[in-house]
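The block underneath contains the structure these notes are about, expressed in structure tokens.
All of the numbers you see were taken from the coordinates with simple rules; none came from a lab. Keep in mind the model is a prediction, meaning the values are calculated, not measured.
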């Protein structure tokens, strides 16, 4: 089966988009497809597979699979690239979109579109702090500044849901073992659905540096929802203001946690890389 795709990236987070308005994937094992096409040695290579599908109540629905084949609720960098994809391909020429996801309706707006430079803003809703809704095991209603025991030592965590679970570790410096720690936290028994992990270094009340360990993907260059979760954790710890520039190795995001409506707003780039055809062979 020949599957047409477009590779896009935001701050180095790369995703493969398939237009399901024009291509039918009936009978395709989407979990296995994601594992194979996202493989960086034997496939195209990406941090996830995103299907651009008709929505149930809105025109568009984003279906997102991690490289390990698991389906995830939402993706911040992925939703911005999604907004650009539907604009570039002519599926819609509207600059504002309401996109269905497993985390709810996400609203996006193209705020800049000059040549190949696209800047897109996304309203990703209110952060969820209730422990049971994240979910994370433990006592008390919230998991804020809580100590989590690991096989080697412990870390101080704040857990948040943005439709998908996040666990933020505020650090003074990045531990050389952060990847190992990220893997342990992601798969810790405290998290029934596993968790994304963010290591956040507060540089000033308005700036943070980030390292990302993504659930189902491992180390990634960036995360939009991760930057948003880190901002919330920093505000709760009284270390950050509500408007923050999140710095990654290959760029930055502007995150705002609005006092007016309690929503998180994320503004950053979305870039098209290339298109191609993947030869998928059902087993």
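Structure notes:
- Based on Cα contacts under 8 Å between residues 6+ apart, the chain shows a relative contact order of 21 percent.
- On Cα atoms only, tilt of 224-236 relative to the major axis of the chain in degrees: 20
- Alpha-carbon Debye profile of the range 26-110, log10 I(q)/I(0) at 0.10, 0.11 Å⁻¹: -0.25, -0.30
- Reciprocal mean inverse distance between Cα atoms of the range 131-262 - Kirkwood radius, Å: 14.5
- The chain: calculated mean residue ellipticity at 222 nm from DSSP helix runs of at least 4, using -39500 (n - 2.57): -4500 deg cm²/dmol
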